[in-house]
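Asks: Sharing a structure, written as structure tokens. Questions coming.
Please treat every number below as a calculation from the coordinates, not as lab data. This is a predicted model, so every value here is computed, not measured. Cβ placement follows ideal geometry from the backbone for every residue including glycine, while neighbour counts extend to all protein chains displayed.
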Amino acid sequence: MDSPARPAPAPAALLYYVAFSQLLGLAVVATTGTWLGVYRGGIAWESALQFNVHPLCMIIGLVFLQGDALLVYRVFRNEAKRTTKVLHGLLHVFAFVIALVGLVAVFDFHRKKGYADLYSLHSWCGILVFVLFFVQDQVQ
């Protein structure tokens, strides 16, 4: 009886690429947080600073956590398939929930201020990205 196929060994530089991507992702999150804290007054839910929740949540959810979810299969290639699938799914769920909080923050801010929703190309592209992210999660 043949033994189950083992995954190919990871490239030697994979550890460095992953470490670099994590540092870069954390730098983007830190830069966004610093920008919001220093130049935009911080973040808060029940004030005029509610809008600032939006960019931070989108960066954390759709850039950092979704990127980590995609890396799971490369980084943990020697772990049990079920373990990597669960971790991959959890990271996608966390990314979705955090991005949803960012979407709710911006729509709630617009409602409180009396601003129109979906009035720019940015907002329409953002809704499209969020819908495609949700559909992708449902299809998998």
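Asks: Could you work out the percent of alpha carbon pairs in segment 64-106 separated by over 15 Å, rounded to a whole number? The partial results should precede the final answer.
Replies: Values: 389 of 903 pairs.
So the pairs more than 15 Å apart make up 43 percent of the total in segment 64-106.
Asks: Now, a different point. Mind running the shape call on the chain? Use the C-alpha gyration tensor, a ≥ b ≥ c as the square roots of the eigenvalues: rounded below 1.5 for a/c, prolate if a/b tops b/c, oblate otherwise.
Replies: Since a/c reaches 1.5 and a/b is larger than b/c, the shape of the chain is classed as prolate.
Asks: With a 10 Å radius around each residue's Cβ, average the other Cβ atoms per peptide and rank 116-128, 76-88, highest first.
Replies: With the highest mean Cβ count within 10 Å placed first, the list reads 76-88, 116-128.
Asks: Still on this structure: Quick one: dipole size for segment 1-125, taken about the Cα centre, charges +1 on Lys/Arg Cβ and -1 on Asp/Glu Cβ, in debye to the nearest 20. Present the calculation step by step, with values, prior to reporting the outcome.
Replies: On the way: 10 positive and 6 negative charges, 30 e Å.
Its charge dipole is roughly 140 debye.
Asks: Apply the Karplus parameterisation 6.51 cos²θ - 1.76 cosθ + 1.60, with θ equal to phi minus 60°, to every residue of segment 102-107 and state each ³J(HN,Hα) to the nearest whole Hz, in sequence, with x for glycine and proline.
Replies: In residue order, the calculated couplings are x, 5, 4, 4, 6, 5 Hz.
Asks: Between Gln22 and Val135, what is the spin-label point distance in nm, taking each point 7 Å from the Cα along the Cα→C-beta axis?
Replies: Output for this residue pair reads 3.4 nm.
Asks: Can you tell me the orientation of helix 14-34 relative to the chain, as the angle in degrees between its alpha-carbon axis and the longest Cα principal axis, to the nearest 10?
Replies: Roughly 10 degrees, rounded to the nearest 10.
Asks: Let me ask something else about it. What length, rounded to one decimal in nm, is gained on full extension from Ala80 through to Ala44, with 0.36 nm per residue of separation minus their alpha-carbon distance?
Replies: Between Ala80 and Ala44, full extension yields 8.9 nm more.
Asks: Ordered by packing density, taken as the mean number of other Cβ atoms within 10 Å over each peptide's residues, highest first, how do 105-112, 19-26 rank? Please report the intermediate quantities before stating the final value.
Replies: Working: 105-112: 16.5, 19-26: 12.8.
With the highest mean Cβ count within 10 Å placed first, the list reads 105-112, 19-26.
Asks: Right, another one. Please sort 36-43, 94-101, 56-63 by packing, taking for each peptide the average over its residues of neighbouring beta carbons within 10 angstrom, highest first.
Replies: Details: 36-43: 12.9, 94-101: 18.4, 56-63: 20.6.
Ranked by mean Cβ neighbours within 10 Å, highest first: 56-63, 94-101, 36-43.
Asks: Also, quick follow-up: Relative contact order for the chain: what is it in percent, counting Cα pairs under 8 Å that are at least 6 residues apart? Intermediate results must be reported in sequence, preceding the final value.
Replies: Numbers: 102 pairs, mean separation 31.2, N = 140.
Once divided by the residue count of the chain, the mean separation gives 22 percent.
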